[in-house]
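Readers should treat all values here as calculations from the given coordinates under stated rules, not as data from a laboratory. Given the structure is predicted, the values throughout are model-derived calculations rather than measurements. Reconstructed Cβ throughout: ideal geometry from the backbone, glycine too, with neighbour counts over all protein chains shown.
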């Protein structure tokens with residue numbers, strides 16, 4: 001088992017710009033601010049402004065609307081309402097995705113990080129295949145007060161207020177197509193506050209357990225980030 005003790009390790013942040021392939025991202029800076037953040041919040045502001053403009057025109061333009069028939073006004077109202085709802089839904093969905101820990105980014109970046117280790121490359125090759133097994137569990141943040149959660153006794157006030165720290169744990173497999181060797185990657189990513197209304201996603205732990213095609217060889221666990229006690233499901237992996 002490989003682990004680094006002594007001086008504290010530098011925190012590894014989740015990089016959505018480099019590893020999230022499910023949505024467009026922008027690198028660089030604009031006026032000293034990250035370009036991805038500037039463009040994202042510009043889109044949110046533009047969507048919100050467009051919604052307010054449509055509502056303002058519809059309610060303030062009653063003099064103009066009075067010249068049309070009730071049927072025409074009803075159609076305009078339906079179209080305006082539909083457009084406002086669509087824009088509001090898109091903006092809300094974008095904000096929700098923004099503040100959640102992106103599972104696709106965790107998946108891609110975790111593979112990239114473990115493949116920087118020489119032992120992993122020797123065991124799995126330079127281009128391992130992703131296995132059929134991949135699972136993750138996201139916790140923390142706001143949760144709806146559903147009856148099944150309340151009845152289970154696990155629902156708390158912090159769930160309703162969204163005060164619990166966001167956390168995403170993931171397990172995935174990699175396989176060497178030529179030798180048959182496999183690796184089980186486990187990681188734990190958490191959202192940490194960096195200031196007022198600002199946060200960042202960092203790795204709490206990242207490890208890979210190497211399994212050889214030769215059943216006589218014992219599995220070897222390499223801890224790349226964190227300590228042995230931080231490993232996800234260590235009772236399953238650390239044997």
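Any residue at all in segment 143-161 that is surrounded by 12 or more Cβ atoms within 10 Å (Cβ to Cβ), farther than 29 Å from residue 220 by Cβ and touching a residue at least 24 places away in the same chain (Cβ under 8 Å)? First the steps, then the outcome.
First, the residues of segment 143-161 that are surrounded by 12 or more Cβ atoms within 10 Å (Cβ to Cβ): 143, 149, 155-156, 158-160.
This time we only want the ones that are farther than 29 Å from residue 220 by Cβ, so: 143, 149, 155-156, 158-160.
If we keep only those that are touching a residue at least 24 places away in the same chain (Cβ under 8 Å) too, we end up with none.
Looking through segment 143-161, none of the residues is surrounded by 12 or more Cβ atoms within 10 Å (Cβ to Cβ), farther than 29 Å from residue 220 by Cβ and touching a residue at least 24 places away in the same chain (Cβ under 8 Å).
In segment 68-140, which helices (runs of 4 or more DSSP H) lie fully inside it and hold 2 or more residues that are touching a strand residue (DSSP E or B) at 6+ places or on another chain (Cβ under 6 Å)?
Details: elements: 70-99, 103-114, 118-124.
By residue number, 103-114, 118-124.
Per-residue answers, yes or no, for (1) more than 19 Å from the chain's Cα centre (by Cα); (2) exposed (fewer than 14 other Cβ atoms within 10 Å of the Cβ); (3) free of Cβ contacts under 8 Å to residues at least 12 places away in the same chain; (4) at positive phi:
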{"residue": "135", "(1), (2), (3), (4)": "no, yes, no, no"}
{"residue": "176", "(1), (2), (3), (4)": "yes, no, no, no"}
{"residue": "189", "(1), (2), (3), (4)": "no, no, no, no"}
{"residue": "233", "(1), (2), (3), (4)": "yes, yes, no, yes"}
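Results for (1) more than 15 Å from residue 100 (Cα to Cα); (2) touching a helix residue (DSSP H, G or I) at 6+ places or on another chain (Cβ under 7 Å); (3) outside any loop (DSSP other than H, G, I, E, B), shown as yes or no for each residue.
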| residue | (1), (2), (3) |
| --- | --- |
| 150 | yes, no, yes |
| 154 | yes, no, no |
| 187 | yes, yes, yes |
| 204 | yes, yes, yes |
| 221 | yes, yes, yes |
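With the requirement that a residue be crowded, with 20+ Cβ neighbours inside 10 Å and either over 22 Å from residue 121 (Cα atoms) or in contact (Cβ under 8 Å) with a residue 40 or more places away in the chain (or both), what does segment 205-220 give you?
The answer is 206, 208, 210.
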